[in-house]
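The values are calculated or read from the model by the stated rules, or taken from the named source; none is laboratory data. Predicted, not measured: the structure shown is a model, and the values here were computed from it. We place every Cβ from the backbone using ideal geometry, glycine too, and count neighbours over all the protein chains shown.
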Amino acid sequence: MIDAVRIGRKNGAFAAGITNYASSPLAASVDVQLLTACRERRIHVAQSDSMVSQLTIIRSVYMLAASKSADKTARNVNGIEKNVQTLIRVPAARDRRRGKGIYIKNLE
């Protein structure tokens, strides 16, 4: 990821990084650091407090950007949703009976 940031910046891209570690290689590579402040052990990465904090920052930045261009954002989101529905088709009950679509089973 650090190489991708460096290449992007070398080509004029603006880079922001979200990390829990201010002295990390990522933090040193970006234009803007968005830092979380979570005390945690470096185990159970998928369930870490810093990951939840970082996802909250991503959602907040997205919502701020979306609020500045609501119409365009709504069109883009709707287009993405339509493409996802086309690519991963979750069929209605009537289609499942007819054997159409891709089936996603609950694995619980």
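List of remarks:
- Reported count of residues in the stretch 65-97, each being surrounded by 10 or more Cβ atoms within 10 Å (Cβ to Cβ), at pLDDT 75 or above and of a type in the set (Asp, Glu), is 1.
- For the stretch 2-24, the set of residues classified as farther than 17 Å from Gln54 by Cα, within 20 Å of the chain's Cα centre (by Cα) and not charged (D, E, K, R) consists of Ile2, Ala4, Val5, Gly8, Ala13, Phe14, listed by residue number.
- Which numbered condition Arg9 misses (of (1) at pLDDT 85 or above; (2) exposed (fewer than 14 other Cβ atoms within 10 Å of the Cβ)): (2)
- Test for Ala22: is it at pLDDT 85 or above, assigned to a loop (DSSP other than H, G, I, E, B) and over 20 Å from Asp3 (Cβ atoms): yes
- Selected residue (criterion: farthest from the chain's Cα centre (by Cα)) from residues of the stretch 25-54 that are of a type in the set (Gly, Ala, Ser), exposed (fewer than 15 other Cβ atoms within 10 Å of the Cβ) and at pLDDT 75 or above: Ala28
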